[in-house]
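A.B. asks: Below is one structure. I have some questions about it.
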Amino acid sequence: MSSVSLARAQWRRCRRCWKSMAMLTLQAVCVVMLLLRSNQLDEPDGLINGGNPSQEDQGGGSRAARIDSKADRPRSPPKLSDPGRSKNTNNNNNKNNKDNKAFLPAGPPPPSDASTSMTGDQLKQLRTTLGLWLTKLATFETINIVVDFRLWLDNTPLAEVEERLRDLILKDSDSAWALCGVEDDWCTCSSGQIRYGHPEKTWLNKNITPNERFQCKLSAFGKDVAVGTLKQCQCFTEMVKDPVQAAMKVVKETARSDSPSPGLWSSFSSSFGLASHAKKLAGGPSSTETPATSLRLAADLSDWIATTATGRELALLSWLRMWIDTSGQRGRISVKMSTHVGSMVAAKLAKCEDGSSPDLSLCPGYGQRACPAGCAGKRPLAAAQEAYERALAKVKRKDLCPPKQVTELLWSCDKAKSRMPKEGHPDEEAQGILDKSVETICEVDKLSNQMDIFLECGFIEQYLRWTTDDSEWIPEAYVSYVGGKRHSTYEWQATNLLRAVDAVSTRPIILVIFGDEFITPPSWLTMPNVIVMRMFPIIKGMSFNFNKMRSMIASRVRVGVQLDTDQLIAPGFDNMFAGTRREIHEFYPWIMMPVHWMSREGKKPEPYWEYAFRSWNGVRSMRWGHAHPTWSYWALPWLCDMTSERYRSTVRPGTELKVFDFSEARTKGLKHILDQGRSADRKAKTTAFMNEDEDMMNVALWRDTATKDWCKYDLEWGLFTDGRVLASTMYHDLKWYPDGLPIIFTSMHNTKAFESADALMSLLTRCHLERPKTKCQTGGGNPRHCTVGTREEVALRNDPATYLEKMCCCLEPRLDTPIWWGGKWFRSGDEVPARLSHMKKDRTCIFP
């Protein structure tokens, strides 16, 4: 008799024993026999603990190395292979029986469906379903949660993981609410408990008659708790309370798919369309390929699911998936998971190089890893003095950031402390222009540290990758800025932005953090093109948004594209670098901004006339621009003069300020202007147009009669899934664009809702890389499943094999023809004429 059959026979005898309360002694014997026999079984893809968290996982051996265990210094991309799990050599039948054994209870089953067994075929289907979920449906943040979950499994006894996960899920009040419908839908709710609102906002509760047909609409609740957002109704249900039940439910509700063969790129990546991409990345990230870190981690996890994950682990993962999908609040779940995982693995994983324990309150995550700040016991800017001393000592680039070094000074007003290009290097020109540009800032004592910029040492490998021994200027980069507390809205926004750049761009992004309070999230460390720098807080009396100018000046990039944290980029946005290099040069030394969606000078009844800008009465040389500028080092003198004017109006109000006279820049060039020195006078006086960065940038450009702006590219994110036919006169005004603005679907703005932006960027990236060959409808509006969170979209998730094909149609035709103007789609700016036949006026905005 096989060990499995013997175990089942003994279990049947034990059940008979339990029916007689008089046979207590025999009960105890049966329990001992069962436990002894269970220890002789292989760990097939395991014994799923049937709802009993006290049972220990007895099979297998050591666990696989965790994903990205040394993410603090990712010289190579995140690990793409799973070395597998060492097996008990006594279990010779384990390989042959894989996926064919039923799930057996590891102890006396609870009085519930938790003891339901799963056939080998069902287990095989579960592997496929979970793998497809990760590669086709899971958002970037969901993948991040599963990475933490895998880390948890690899460093904690399985029974303990199950107990803690159970506690997390069952204590989460949102885990028991399921989608009933979105606004104006009709639905029924068996419990009679309905709530109305949005997962990222708040909820209004209401009791109705159970199973009564009910319309989800604002009038039924009386208050709009999420203005401008599609609300939904949720019904209170009973959350699945056991991992086995969750696994069975996942298999039951998911459309059957062919099971992939084992192997990372031969299975999920090939079907996912990443095989050729993976080959190019095999030797490490390069400047010609997008890292797509999240998707490569998903493929790694999918290979683990398809090959070495045990049945018990898959059941727990199914439970986790149900929690994520039901709640819809991935950010909150991510924090809960990270906190628990960190607390359980810190003693094992969070060690400094000398073996000491770090101050984990200064490190990313909650104990998953050590960090330079934690090992040194200092926040980044608190360690500035040591960084200054090392800068004076002229530390070589290869010796930057030794253990416990928190930051390194890269550049400041003090040339003796700055890391300068070697003599004769082409970047000497850019450095010379920068040094001359900042003179009026650096000469003021109160401002002397406002240009100091430090590398955060956790990102040294990324920095070394994008700089050279001859020059530490970066040729092309995105630049953004952030500050504030851990888990703030700005941190979540910045995370989405960095993932977007990592997914669809080949360029690095420099994120400048202002102040010491902000702690970088652990997921940032895994992205090879993310460089984090630090600067001191801006002086009192100035808006935080003027840090935008400081980051642009101090980051030392030859060509830069500034991004706010509530932006995302889409495929093709890297074209902005070539366009900026072409348009901003010695004879046009100003920044360029995209045309704003409001003209801000309209009169009633023009669109948005109530937002007219009245804080400056001079002549406007172009329509109001959105403060998402691009620049090259040729624009640094103008940028520094404007920043200096704003600084001086705060620290030395009423004094005279010398600035460059750019009136002859178009004819004689910037070098001539610099040779003439600062010859123009300007009074440092705070005026209304200096309140915010966007106001001052526009006025400063008008004062110099600048005329170049980009066609509209930082679009509202909802437009990306808004169908094939848009308004033909979008964002029109009577003066500049009476026929509407040309718009470019290569970036989006106002992505403050983390969950929505996470979902859209994940979909956009997959559709860009895979390009599923499917026939999309050619009508005007999009079907209801194109709106994430509707019942139609939720139902579509149950067919992961076709989900991506149908959802990618929601983006059409933007991936291939990203420009819309005058009722037509265009593939590139070269195809767009100055004026379409029915228009009144030529466009003046420029395509990159």
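A.B. asks: Along the Cα-to-C-beta direction of K485, a point sits 7 Å from the Cα; which residues of the range 753-781 have their amide N less than 19 Å from that point?
C.D. replies: The answer is 754.
A.B. asks: Contact order normalised by length for the range 587-731, with contacts defined as Cα pairs under 8 Å and 6 or more residues apart; what percent is it?
C.D. replies: Computed over the range 587-731, the figure is 33 percent.
A.B. asks: I've got another one for you. R0 = 22 Å: FRET efficiency of S173 with K241, Cβ-based, nearest 0.05?
C.D. replies: Rounded to the nearest 0.05, the efficiency is 0.90.
A.B. asks: While we're on this one: What is the ratio of the Cα radius of gyration of the range 722-848 to 2.2 N^0.38 Å, with N the residue count, to two decimals?
C.D. replies: So the range 722-848 has a normalised radius of gyration of 1.19.
A.B. asks: All other residues with a Cβ under 13 Å from the Cβ of D675 taken together, and with Lys, Arg as +1 and Asp, Glu as -1, what is their net charge?
C.D. replies: After counting each charged neighbour, the total is +1.
A.B. asks: Once you put a point 7 Å from the Cα of S728 and another 7 Å from the Cα of A688, both along the Cβ direction, what distance in nm separates them?
C.D. replies: 3.8 nm
A.B. asks: Tell me, in nm to one decimal, what length is gained between T778 and K422 on full extension, where the rule is 0.36 nm per residue of separation less the Cα-Cα distance?
C.D. replies: 122.4 nm
A.B. asks: What's the FRET efficiency of K824 with K604 using the Cβ-Cβ distance as r and R₀ = 35 Å, to the nearest 0.05?
C.D. replies: Given R0 = 35 Å and the Cβ-Cβ separation, E is 0.70.
A.B. asks: Along the Cα-to-C-beta direction of Y388, a point sits 7 Å from the Cα; which residues of the range 408-427 have their amide N less than 18 Å from that point?
C.D. replies: In the range 408-427, the label zone of Y388 (backbone N under 18 Å from the point 7 Å along Cα→Cβ) covers 408-419.
A.B. asks: Which FRET efficiency value, to the nearest 0.05, do you get for A220 and R666 by plugging their Cβ-Cβ distance into 1/(1 + (r/R0)^6) with R0 = 60 Å?
C.D. replies: 0.45
A.B. asks: Oh, and also: Which residues does the label zone of A578 cover in the range 807-848, counting backbone N under 14 Å from a point 7 Å along Cα→Cβ?
C.D. replies: 828-831, 847-848, by backbone N distance to the label point.
A.B. asks: Protein chains only, probe 1.4 Å: how do E289, E353 rank by accessible area, largest first?
C.D. replies: E353, E289
A.B. asks: For H628, what charge total do you get from the other residues with a beta carbon under 10 Å from its beta carbon, if Lys and Arg give +1 and Asp and Glu give -1?
C.D. replies: Net charge around H628: -2.
A.B. asks: If ligands, DNA and RNA are left out, what is the accessible area of Y611 with a 1.4 Å probe, given in Å² to the nearest 10?
C.D. replies: Around 120 Å² of this residue is reachable by solvent.
A.B. asks: Once fully extended, how much extra length lies between A795 and N211, figured as 0.36 nm per residue of separation less the alpha-carbon to alpha-carbon distance?
C.D. replies: 208.2 nm
A.B. asks: Can you tell which of N496, L447, I513 lies farthest toward the positive end of the dipole of the range 425-518, using +1 and -1 charges on the Cβ of basic and acidic side chains (Lys, Arg; Asp, Glu)?
C.D. replies: Ranked along the dipole, the leading option is N496.
A.B. asks: If one puts a single equal scatterer on every Cα of the range 391-446 and applies the Debye formula without solvent, what log₁₀ I(q)/I(0) results at q = 0.20, 0.21 Å⁻¹?
C.D. replies: For the requested q values the scattering log ratios are -0.85, -0.91.
A.B. asks: Lys and Arg at +1, Asp and Glu at -1: add these up for the other residues within a Cβ distance under 15 Å of M839 and post the number.
C.D. replies: Result for the neighbourhood of M839: +3.
A.B. asks: How much accessible surface does S361 have with a 1.4 Å probe, in Å² rounded to 10?
C.D. replies: My reading of the accessible area for S361 is about 70 Å².
A.B. asks: Treating the beta-carbon of each Lys and Arg as +1 and of each Asp and Glu as -1, no other charges, what is the dipole magnitude of the range 698-756 about its Cα centre, to the nearest 20 debye?
C.D. replies: It comes to approximately 120 debye.
A.B. asks: Just reorder S357, S828, S762 by solvent-accessible area, largest first, 1.4 Å probe, all chains present.
C.D. replies: Ranked list, largest accessible area first: S357, S828, S762.
A.B. asks: When DSSP beta bridges are limited to those with both residues in the range 649-803, what percentage is antiparallel, rounded to the nearest 5?
C.D. replies: Within the range 649-803, antiparallel bridges account for around 50 percent of the total.
A.B. asks: Probe radius 1.4 Å, ligands and nucleic acids left out: which of M576, M420 has the largest accessible area, and how do the rest follow?
C.D. replies: Correct descending sequence by accessible area is M420, M576.
A.B. asks: Between S361 and T655, what length comes free when the chain is fully extended (0.36 nm per residue of separation minus the Cα-Cα distance, one decimal in nm)?
C.D. replies: 101.4 nm
A.B. asks: For the range 347-389, take every pair of Cα atoms, bin their distances at 5 Å starting from 0, and report each bin as a whole percent.
C.D. replies: Calculated over all Cα pairs of the range 347-389, the distribution is 5, 28, 29, 17, 13, 6, 2 percent.
A.B. asks: Using amide H atoms built 1.01 Å from N in the peptide plane, name the residues 5+ places from A255, or on other chains, whose amide H lies under 5 Å from its own.
C.D. replies: For A255, whose amide H was placed from the backbone, the distant partners under 5 Å are D799.
A.B. asks: Related question: For T643, what accessible surface area do you get with a 1.4 Å probe? Give it in Å², rounded to 10.
C.D. replies: Near enough 10 Å² of accessible area.
A.B. asks: Convert each backbone phi in the range 729-741 into a coupling constant with the Karplus relation 6.51 cos²θ - 1.76 cosθ + 1.60 (shift: θ = phi - 60°), then list the ³J(HN,Hα) values in order as whole Hz, x for Gly and Pro.
C.D. replies: With coefficients 6.51, -1.76 and 1.60, one gets 10, 4, 6, 6, 9, 7, 9, 9, 9, x, 9, x, 8 Hz.
A.B. asks: Give me the distance in nm between label points sitting 7 Å out from Cα along the Cα-to-Cβ direction at E461 and D399, one decimal.
C.D. replies: 2.3 nm
A.B. asks: For the range 381-441, with the dipole built from +1 on Lys and Arg beta-carbon atoms and -1 on Asp and Glu ones, taken about the Cα centre, which of A393, C413, S437 lies farthest toward the positive end?
C.D. replies: A393
The values are calculated or read from the model by the stated rules, or taken from the named source; none is laboratory data. Predicted model only: the values in this text are computed from it and were never measured. Cβ coordinates were reconstructed from backbone atoms using ideal geometry, including for glycine residues, and neighbour counts include every protein chain displayed. Surface areas here come from the heavy atoms of the whole protein model, side chains and all, with no ligands, DNA or RNA. Shrake-Rupley method; radii C 1.70, N 1.55, O 1.52, S 1.80 Å.
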